[in-house]
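Read the figures in this text as sums done on the coordinates, not as results from a lab. All of these numbers come straight from a predicted model, not from anything done at the bench. Here the Cβ positions follow ideal geometry from the backbone for every residue, glycine too, while neighbour counts run over all protein chains shown.
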């Protein structure tokens, strides 16, 4: 599926890598690994995660990830939803939206969005694994919340 | 504006009495000093009366002063919430034709220019290229500046998007304003700041309405005298001598009656206004106050809204002749209505242009050129109504949960919605044309049929279009939201999904299509029948679904359990709750089209339910985000079960009751759908989805009488034509890892070669056991012949 799209932009590859594969990646900007945004468990077996996005979707996902990193969660969600309108079948976009909700502490939506990402990630092991990791964390935190 | 003010003089008597009463009341208040004052007054009657009058006058002036300043300093107007459509996204690879972009630009009032477009709101089209400069716009997720864009088309797609030099990944146009949520009195306006008022407009208002505006102190005695003389000569009131300030005061504080008392009060208030505020502020208030048109009960106030209303452009982008027309209309927007009385309006516009030239605000040459321009109004007919009452209904309902009515009608909120004007226009057009075709073909009286359409985005649940009836531009009964009608066979996907979810069935399983009798709690017996009044024995689930076999479905549903079906329907999003009666299996449940769209949206979203949303975001008057209505999903059904069902809904379109859609849709476009027909052919439904859109079409009669139409003959053609017109993406391939694609015999469910005529591609659980059929064409003659006759 990815083959039909334009090649992954370097910036997006980096952001997805940073998000999906924390092991072996230099620490991100401040706030990247704060309580809510901790995403350390997931690992990407390949060096580069698959992405199922065209250039427009990539540009928006890159922006959305940066906005999340900057702590601007409402903005990040708006940007990623814009990406979703263009690429409704992209597991990568659903996954990033799940990460925003996780960072916001909305664990129920984070889990649901991660499920949706996972349901679209068939044949894309890194995205599937990252979705699974976000889902696991969301469920764990739901269990911990009173 | 002034015309209406000259009517009534009758009220002056009443007024005087009232002010006397007021004076008496104020005297009574000062009882303490009354006795002493009275004796003083007896001794010095004349100076006392004078002093008293002076005091009363001073008090009255103070009241007027307070009235003027409080109104002017405070919030001056109730500002209705303004509602916007979605912004059009532009990016390489997007399905969008040059004509479609051209239409969108026309809707937005972009001006075609001959050369390279430089100013915001202009464009040029040549060969397969559209060059434009967007307008700056404050979106809910940040402001975007004006930017140049070069869109190169590759057939019906955007091939390349640049800013003239570099590739642009994605850009959006500013959204179309689609309506306002105004209060009962209907005043609607769009405030413009002083810096956004074109100098020519200020010049024109002064030239035409009040030449000495910058020199007088609120009233212009000379002009008043001139008007008086002119009126005496004409033997009646023919000319108003009011200054702009007086006109403003009259609009602000006074009603339309024109009496001497009122004139005095108006003059005093005008002077007070001038004493407190500078000319610029007063002129700006005038620009935002004045009445410039009417649409139903919506009154168009201010030049900002008038520019949008008449030309679909921001005020700053109006051309001189357009400014002149609006200034011409100040004297009477009804009398100089440029649509109904175009010649009269044009003549007055040309007089305004001439006056501008006289005053030196416009060169004689420019005035001549502008006079040659046609009225150039925004073509509402051609670009679809810019007014979407049916869609505004759903916007209001969504907002009602979070906002008080007074906030929506007064606070100047900006509401961003998902309405797609292209989809809306196609849905309005095809519904109206489709109903007319049905009436003609069946010899029905024109207007006998009613209909409704809802289109949503398959994944996000955003509502893209709502058509509540065939006369889309008119408010009225909104069938899309409020007509709860029996959904008939639209319910069947829920029955089959419940069966698949139970794990006891696949679409290749068989079920008996034979008569069933069911005792009901009330003592009656329910004996459903197939639409064609024949039975088919053992049939596959895929065939029973595709051909909408009632008896097979009832047998299946009873086996799975009616309660389970009802519960599943609610999980899918059906609202209100569904009663688990056996007749539910054949759709004896009333849902509005918008409810059906929500249920089918869950199927389109692979088992994830998303509440429908029309509003994306709300900003306050300053542009601060108040609310964002974010995407919320909840997995309510196993995606694998939904993907199995989807193959069956594709079979509906390929082989079953939905196959008529092939006449309008590209052969390779994979879509899923289902027909629905209620008892005695009262309601004709079609609901379905692609990879991008969910759409529900209902056709029936408002008096609920039979129409003689089925879902396939009544609703499907309209559904397919709309889908073809808006362009859509095919269904995405199934992704559930626990499923595998298998080719099975449509009639028997045995595994066969995909080359067999009866082979249908199903997504089945990997461990599903199929009988090995192997023989193509087994006993198919009867089935195919029978299929051809099927209309249901």
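Treating each Cα of the range B:82-136 as an identical point scatterer and summing with the Debye formula, the log10 of I(q)/I(0) at q = 0.21, 0.27 Å⁻¹ comes to -0.84, -1.27. Remark: mean inter-chain Cβ contacts per residue of B:456-466 equal 2, using a 10 Å Cβ-Cβ cutoff to other protein chain atoms.
Using only alpha carbons, the range B:153-210 has a radius of gyration to Kirkwood radius ratio (Rg to Rh) of 1.22. Among beta bridges from DSSP that stay inside the range B:49-176, the antiparallel ones total about 90%. Prolate is the label for the range B:660-703, because a/c, from the alpha-carbon gyration tensor with a ≥ b ≥ c as root eigenvalues, is 1.5 or above and a/b exceeds b/c.
The sum of -39500 (n - 2.57) across all DSSP H runs of n ≥ 4, divided by the residue count of chain B, sets its helix-only mean residue ellipticity at 222 nm to -12000 deg cm²/dmol. Remark on the range A:55-105: Rg and Dmax equal 9.5, 30 Å (Cα only).
In terms of its alpha-carbon gyration tensor, the range A:54-146 comes out oblate; a/c meets the 1.5 threshold, while b/c is at least as large as a/b. Subtracting the Cα-Cα distance of residue B:259 and residue B:226 from 0.36 nm times their residue separation leaves 10.0 nm of extension gain.
The radius of gyration of the Cα set in the range B:238-371, together with its Dmax, comes out at 15.9, 46 angstrom.
Taking the average, over residues, of other Cβ atoms within 10 Å as the packing measure, peptides B:749-758, B:430-439, B:494-503 rank B:494-503, B:430-439, B:749-758 from highest down.
The mean count of C-beta atoms from other chains within 10 Å of the C-beta of residues in B:629-637, rounded to a whole number, is 5.
At q = 0.17 Å⁻¹ the log10 of I(q)/I(0) for the range B:659-774 amounts to -0.93, computed by Debye summation with a single uniform scatterer per C-alpha, solvent ignored. The tail of the calculated P(r) for the range B:637-721 beyond 20 Å holds 33 percent of all Cα-Cα pairs. Taking label points 7 Å from Cα along the Cα-to-Cβ direction, residue B:703 and residue B:99 give a separation of 4.0 nm.
Averaged over the residues of A:56-67, the number of partner chain Cβ atoms lying within 10 Å of the residue Cβ comes to 3. At full extension, residue B:51 and residue B:76 could sit 5.4 nm farther apart than now, given 0.36 nm per residue minus the alpha carbon distance.
Please state the shape class of the range B:395-457: rounded when a/c is under 1.5, otherwise prolate if a/b exceeds b/c and oblate if not, all from the C-alpha gyration tensor. Because a/c hits 1.5 or more and a/b exceeds b/c, the range B:395-457 counts as prolate.
Put simply, when B:683-692, B:59-68 are sorted by average Cβ atoms within 10 angstrom per residue, most first, you get B:683-692, B:59-68. Distance between the C-alpha centers of the range B:74-89 and the range B:120-140? Whole Å please. Each part's Cα centre sits 22 Å from the other's. Ellipsoid fit via the Cα gyration tensor, chain B: semi-axes of 66, 31, 22 Å, each the root of five times an eigenvalue, largest first. Whole-percent P(r), the range B:111-261, all Cα pairs, 5 Å bins from 0: 2, 7, 10, 13, 12, 9, 9, 9, 8, 7, 6, 4, 3, 1.
Every Cα-Cα pair in the protein assembly as shown was counted, and those over 45 Å apart are 42% of them. Compared with the rule-of-thumb size 2.2 N^0.38 Å for a compact globular protein, the range B:376-533 has a Cα radius of gyration ratio of 1.45. The peptide list B:38-51, B:611-624, B:312-325, put in order of mean Cβ contacts within 10 Å with the highest first, becomes B:312-325, B:611-624, B:38-51. May I ask for log10 I(q)/I(0) of the range B:332-411 at q = 0.13, 0.18, 0.22 Å⁻¹, from a Debye sum over the Cα atoms as equal point scatterers with solvent left out? Log10 I(q)/I(0), no solvent term: -0.67, -0.83, -1.00. Put the Cα centre of the range B:677-695 next to the Cα centre of the range B:523-552 and the gap is 19 Å. By DSSP, the beta bridges lying fully in the protein assembly as shown are antiparallel in about 90 percent of cases. Rounded to a whole number, what is D in µm²/s for the range B:317-459 from Stokes-Einstein with the Kirkwood radius over alpha-carbon pairs (10 °C, 1.306 mPa s)? D, rounded to a whole number, is 81 µm²/s.
Annotation for residue B:363 and residue B:143: the two label points, set 7 Å from Cα along the Cα-Cβ direction, are 3.4 nm apart.
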